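S.K.: One structure, pasted below without further comment.
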Amino acid sequence: MSRRRPLLRRSQLNLWLSRPPKLRTFAGLGAVILLLSATAGLAQGVEVPKDLNEVATSLQSLQVAANTIWVLFTACLVFFMNAGFCMLETGFCRPKNAVNLLAKNLIVFALSSISFWAIGFAIMFGDGNEFLGNSGFFLMGADNSPATGDAYKGVYSALSWTATPLLAKFFFQLVFAGTAATIVSGAVAERIKFYAFFAFSLLLVGISYPISGHWIWGGGWLAKLGFWDFAGSTVVHSVGGWAALMGAALLGPRIGRYTEDGGAVAIPGHNFAIATLGCLILWLGWFGFNPGSTMTADAGAIAHITVTTNMAAAFGGATATVVSTLYFGKPDLSMIINGILAGLVAITAPCAFVSIESAILIGIVAGIIIVFSVVYVDKLRIDDPVGAVSVHLVNGIWGTLSVGLFAAGPGQLYAEGLGPAKGLLLGGGTDQLWHQFIGVATVGLFTVIFATVAWFLIDKTIGIRVSPEEEIEGLDLGEHGMEAYAGFMFRDEVKGFVDLLKKMSVGR
Amino acid sequence: MSRRRPLLRRSQLNLWLSRPPKLRTFAGLGAVILLLSATAGLAQGVEVPKDLNEVATSLQSLQVAANTIWVLFTACLVFFMNAGFCMLETGFCRPKNAVNLLAKNLIVFALSSISFWAIGFAIMFGDGNEFLGNSGFFLMGADNSPATGDAYKGVYSALSWTATPLLAKFFFQLVFAGTAATIVSGAVAERIKFYAFFAFSLLLVGISYPISGHWIWGGGWLAKLGFWDFAGSTVVHSVGGWAALMGAALLGPRIGRYTEDGGAVAIPGHNFAIATLGCLILWLGWFGFNPGSTMTADAGAIAHITVTTNMAAAFGGATATVVSTLYFGKPDLSMIINGILAGLVAITAPCAFVSIESAILIGIVAGIIIVFSVVYVDKLRIDDPVGAVSVHLVNGIWGTLSVGLFAAGPGQLYAEGLGPAKGLLLGGGTDQLWHQFIGVATVGLFTVIFATVAWFLIDKTIGIRVSPEEEIEGLDLGEHGMEAYAGFMFRDEVKGFVDLLKKMSVGR
Amino acid sequence: MSRRRPLLRRSQLNLWLSRPPKLRTFAGLGAVILLLSATAGLAQGVEVPKDLNEVATSLQSLQVAANTIWVLFTACLVFFMNAGFCMLETGFCRPKNAVNLLAKNLIVFALSSISFWAIGFAIMFGDGNEFLGNSGFFLMGADNSPATGDAYKGVYSALSWTATPLLAKFFFQLVFAGTAATIVSGAVAERIKFYAFFAFSLLLVGISYPISGHWIWGGGWLAKLGFWDFAGSTVVHSVGGWAALMGAALLGPRIGRYTEDGGAVAIPGHNFAIATLGCLILWLGWFGFNPGSTMTADAGAIAHITVTTNMAAAFGGATATVVSTLYFGKPDLSMIINGILAGLVAITAPCAFVSIESAILIGIVAGIIIVFSVVYVDKLRIDDPVGAVSVHLVNGIWGTLSVGLFAAGPGQLYAEGLGPAKGLLLGGGTDQLWHQFIGVATVGLFTVIFATVAWFLIDKTIGIRVSPEEEIEGLDLGEHGMEAYAGFMFRDEVKGFVDLLKKMSVGR
């Protein structure tokens, strides 16, 4: 049999299955050594297809199986990002608010599931008009895959023409929708009411995210205009970032964060072990986020996207490490973390459309942007405890625009004329960059208006900010009646303890 | 080439492989920009099958590859649940027992691997009678897949007739067996001897779990009766739950847990950051647990099961959040966690047999049950530090019975007449519900008897409970001679510290 | 339709897609119950291949898709090992150095990505001579897979002759390279300068690791000699281990670690919760590390390797637990962790070549070795805070040699004459053992020389060890200007606190 025989390896498998006597000569092992003189060729029982029609059906079934495995595997990676955000945001905040952050980040995916199942998915991907879908609420409606004659909405339809089951596509889109809501959680941390966040998450994932998502991934007006966002720098990250920005701005800063004379007081995170774990989980999750957005097991595309994603993260992290060392004197761990995330957010839109070299440049720029953006947002006195605005909004915008700068051009990486026009830096003119800008601006404007109205309504009904007393005591006791780290002693307690000891001494 | 061409995308791949010059115009990049004028079509070197017989063999080989990837991927997710249980249980207990909980949850999968390899798998899936298998000990025996003429044991054989290798199936079943043992760990926490748990785990995974498992998944009498448990609400969770209940009851409560006047003293967990991480890992793991139980890459089935699983978890978590807020006044994080897990345990039996709407109802009921079950178990003065009995036993029973209420009926979701009869609430009569009840009762009875005898024997030989002195000092020092968080200061230490300072003051 | 029909399940899928009315009789649910009378057979729209040539191309495309899914899935598992090492190493050290350990373990994969992309991959797998490759720098060069006529370098070429995309193979090899660098991090912990580690990682991953890797996996002289290392006991683990040993030896022990009279003072780790999590993540990651090294979705091979890997880990962990109980009196958690890792490192070289029974023996020996090795390294006064030398170097050597003892022989587990000669304990003579020894010795010698020169150069330029003052204060403040656990109180602080209180009392 030729070494180059490209398929099947039947003989290999047969040999395998007829496993040879093993360890036979190693007499000391007794019963363990008695062995399978195993049997039976795999080939027996194989039913031979009658004609090429049957072969075609078999081939399609296998293609659908491969695509569905890919979609579910990558969806699982993206689902796991909930754990990443949960650990990252909790670690970046204070221990007295840890339960609240954990609870928010845990329940938010449950809420996203409810909201996106009931209405979000229908608005985003259902049939409708250029502005929103209006069919398929509660997952009721025919499978909108091309094989059933009902085209999967969105510009990427050519990538998913095999009939990946509707529910696999739904689950994949659901974990994306969940990400947008999670982004908000970090920026509003340490002062928001639990049920206010609960309500906002339902609105964001049920209404706002799917409307702007429909424009881009649901075949809406931005898709038709020629705006391209492969895996969601705008659809997911800048939408989450805008909502986070408005939440942080409307809530106002945490007590003690800014002084009256214009100074800023850093409030350090309490657990960088889990924060770093969170960053690594998010990095892992992005290998689902970006390559999974093909929604087909297209070997060349998923390998390419995996590597562009990783190189942008690596260069983003390394650049932010060096830049923050130059700028602050020492490599700050939170900057390393945010530099990696900045690279990942930025490469999300262009990951499938750009070369590896371009991905590296996009990551380097993201790693520079993040350091200065964190400083600048702080100057605006917008208190964003985890840097969500700088990571997701600012780099979401950068990543979306970078498509207009670096895209390899249609028919280059993705076949058959699909994809953005050649980018400006590759000699492709400014058209694509302009389309990207229109998408950034309109999605931003819409999300800002929606989020402002939503936060305002929630504030007028159940209120969005906890009382100053509760904020000082910590939201864990106030909102949940429990502590995150029962038994541990905290420095805050020492002050009262010193006072107690003074009294003891005095009383003696 | 037509857009609708459903297979292959050869031209796409070729285009991909012959990657175009990239960034050519971006002259500043020097060497980086020199580029592949890459080569060679994929198609060259492809060996063409001689006839449809060869095509059939190739198709089967690919199907086996897809199934095996699916089985190993989902098995990895289930394996990861060990980390989930480990973090969850440790976080729910006190810091002085953290090393002990970590050590138990780490070694338990090693023990399960040994026990299930040596005898468990043979008892559960080997040829034998309706009550237990008796061949294939130490993995010796022919591959029991249909293609080798030796039917894979169990009622789901129709789903796995392609020859997934025996060892892939073994590994998948092993990670399930490990789960059952892990469940016990939480309920007996903070007072059990390390080697007593060690011994019980070997017995449970080697003998008890596989015997009742044989009845249901090994082609035994319950399978023949028509009892259905798709992924193990009974086989895994209620078996683990019964063993946990008996362990917790026989050990008695932790010192100080219940007062003489009938009151209960809550003992708070020490690390909700890792507990929440554990819950998210378990949620992720369930996307292996349930959809992986198909053991084939059946696109429609695995997508459906993924979504039923997720929706039950989401509604379980959201319901428990609201119910616990109404009942206790505030949303308790441990209730959110346990609500999600309750929904997941409950949907495990019916996940493949019910619609998404039914899954949502099953999750809502689970989210209600969990709150009241935790309260009720506490009233019985059974001290279950992590709520394992309420999550795994009570909701394992609910999930198993829910098959009899909500099953869509044979030939509806799974083809060819397999699956439970139509459920009572869909107009299907009480037969299926009765069969489910018989399974719940007999497996429960058997496990209770086995666990009682096993715990009793271990108590008479090496003893099951640590001394009161060791329990008060903490099992970490007593059983392992080490601390989990060396360097941190704990509130317990402050009392002695105050005494020391008093002495200092007096001595002056 | 026959139950035994081995492929396709078209009727099943069709039935599935035409989902039946669900819950129709459960009238209380309102809108939820309205239902899909869904549509459309899957088969419509299938394009029928014209002849067997088209079938062949389709089959190959599917095979490539399956292989690429497998490679990327397992690469993701290996990537996740970065989180495992990060949590393990950080947990085993003191809280005052936690940020430094987290930062090193986070940035190291970014650095590996840069270094391996730029030069490492080309040296390891590019065309060249028997000692190093010299083409494909910056990923420029034709896809070196056989289908493109440019054979993938290395002895395992027969396993990857289908055209898995170059970038998928690159990413898989990259995550391996990253592992080698991470191993070093633990051994040099708590006293190395951040940028010294930064520089060493770039050199190790860019030059040293790929050179010795080329000898073995790149078709170099050791491969031609007949040295076999399936997944990297030598290529990855002992290389990382040698570099770690030299780093630890050249840095010298931590202050206070050894007393003048020859005694050793144990410095306990500060967070065994994350350390245990790290161990479980690493165990999970090894299900990518070893089975993924097939780089094809070869069902029999990947299932076999998964089980050998797991059984060695399980027996390694259980053996170390028992041995450490016998030796130290109590089961030490760090020994359970290191026993599992020892089993995993040892089985890495032989995993594909040995039976399950042999894997168990290899794991048992690893579990014994680890306990005595940790004690012995300590006697040499080489201060290795996490036991990296014992886990990765000593057991890497043991695993590599075990191929010569236990290999089943060529044509037994892997077909067509590939693989090591039959091992000594199976009656195969000493040739293979001798080849394994030559590989261990030459790779060790090369890495020791390289690492010594590299550490020396770095010491002479930026210095490798922090000042004693910084070491005592902690590297977190010294190197990064931040704390890992802000807000928590540590026992170290109590001494100063007592002094403060004394002063207060005096001053009164």
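The values are calculated or read from the model by the stated rules, or taken from the named source; none is laboratory data. The structure presented is a predicted model; accordingly, all values stated were derived computationally and were not measured. Because the Cβ atoms are built from the backbone with ideal geometry, glycine has one as well, and the counts that use them run over all protein chains shown. Surface accessibility is based on the protein's heavy atoms, side chains included, excluding ligands, DNA and RNA. Shrake-Rupley method; radii C 1.70, N 1.55, O 1.52, S 1.80 Å.
S.K.: Have a look at A:Gly367, A:Gly429 and point out the one that is within 14 Å of chain B (Cβ to nearest Cβ), out of contact with any Leu (no Cβ under 8 Å at 6 or more places or on another chain) and more than 18 Å from A:Leu222 (Cβ to Cβ).
M.R.: Within the list A:Gly367, A:Gly429, the selection yields A:Gly429.
S.K.: Could you tell me whether the range B:425-432 includes any residue that is modelled with pLDDT of 95 or more and open to solvent by less than 50 Å² (accessible area, probe 1.4 Å)?
M.R.: Yes.
S.K.: Could you please let me know if B:Gly496 is modelled with pLDDT under 95, touching a strand residue (DSSP E or B) at 6+ places or on another chain (Cβ under 6 Å) and either within 30 Å of B:Ser233 (Cβ to Cβ) or within 14 Å of another protein chain (Cβ to nearest Cβ) (or both)?
M.R.: No, not satisfied.
S.K.: At pLDDT below 65 and not in a helix (DSSP H, G or I) - does that describe any residue in the range B:157-166?
M.R.: yes
S.K.: (1) at pLDDT below 95; (2) away from chain A (no Cβ under 13 Å); (3) in contact with a helix residue (DSSP H, G or I) (Cβ under 7 Å, 6 or more places away or on another chain): which one isn't true of C:Val265, the others all being true?
M.R.: (3)
S.K.: Have a look at C:Ala441, C:Ala484, C:Ala451 and point out the one that is within 29 Å of A:Glu483 (Cβ to Cβ), modelled with pLDDT of 95 or more and of a type outside the set (Phe, Trp, Tyr).
M.R.: C:Ala484
S.K.: Right, next: Evaluate the following for C:Asp127: is it of a type in the set (Asp, Glu), crowded, with 21+ Cβ neighbours inside 10 Å and at pLDDT below 95?
M.R.: Against the criterion (of a type in the set (Asp, Glu), crowded, with 21+ Cβ neighbours inside 10 Å and at pLDDT below 95), C:Asp127 does not qualify.
S.K.: In the range C:99-108, is there at least one residue being open to solvent by less than 10 Å² (accessible area, probe 1.4 Å) and among the basic types (Lys, Arg)?
M.R.: Checking the range C:99-108: at least one residue is open to solvent by less than 10 Å² (accessible area, probe 1.4 Å) and among the basic types (Lys, Arg).
S.K.: For the range B:410-419, indicate whether the set of residues that are under 30 Å from the mean Cα position of the chain (by Cα), crowded, with 19+ Cβ neighbours inside 10 Å and modelled with pLDDT of 95 or more is non-empty.
M.R.: No, the range B:410-419 contains no residue that is under 30 Å from the mean Cα position of the chain (by Cα), crowded, with 19+ Cβ neighbours inside 10 Å and modelled with pLDDT of 95 or more.
S.K.: Test A:Ile274 against the stated conditions and say whether it is touching a residue at least 12 places away in the same chain (Cβ under 8 Å), closer than 17 Å to C:Cys76 by Cα and within 14 Å of chain B (Cβ to nearest Cβ).
M.R.: Criteria not met by A:Ile274.
S.K.: Quick one: A:Val48 ticks every box in (1) open to solvent by less than 40 Å² (accessible area, probe 1.4 Å); (2) modelled with pLDDT of 85 or more except a single one, so which number is it?
M.R.: So A:Val48 meets the others, but not (1).
S.K.: Same structure, new question: Quick check, is A:Thr294 open to solvent by less than 10 Å² (accessible area, probe 1.4 Å), closer than 22 Å to A:Val175 by Cβ and either modelled with pLDDT under 95 or not assigned by TED's automatic domain parsing to the domain that holds A:Val389 (or both)?
M.R.: yes
S.K.: Counting only residues that are closer than 19 Å to C:Asn105 by Cβ and open to solvent by 20 Å² or more (accessible area, probe 1.4 Å), how many does the range C:189-243 have?
M.R.: Number of matching residues: 6.
S.K.: Within the range C:48-105, can you find the residues that are among the polar types (S, T, N, Q) and facing another protein chain (nearest Cβ under 7 Å)?
M.R.: C:Asn53, C:Thr57, C:Ser58, C:Gln60, C:Ser61, C:Gln63, C:Thr68, C:Asn82, C:Thr90, listed by residue number.
S.K.: Next question, about the same structure. Scan the range A:340-347 and give yes if some residue there is in the same structural domain as A:Ile69 (by TED's automatic domain parsing), without any contact (Cβ under 8 Å) to a residue 12 or more places away in the chain and assigned to a helix (DSSP H, G or I), otherwise no.
M.R.: No, that holds for no residue.
S.K.: Considering only residues that are in contact (Cβ under 8 Å) with a residue 60 or more places away in the chain and hydroxyl-bearing (Ser, Thr, Tyr), look in the range B:277-313 and name the one that is farthest from the other protein chains (Cβ to nearest Cβ).
M.R.: Here the answer is B:Ser293.
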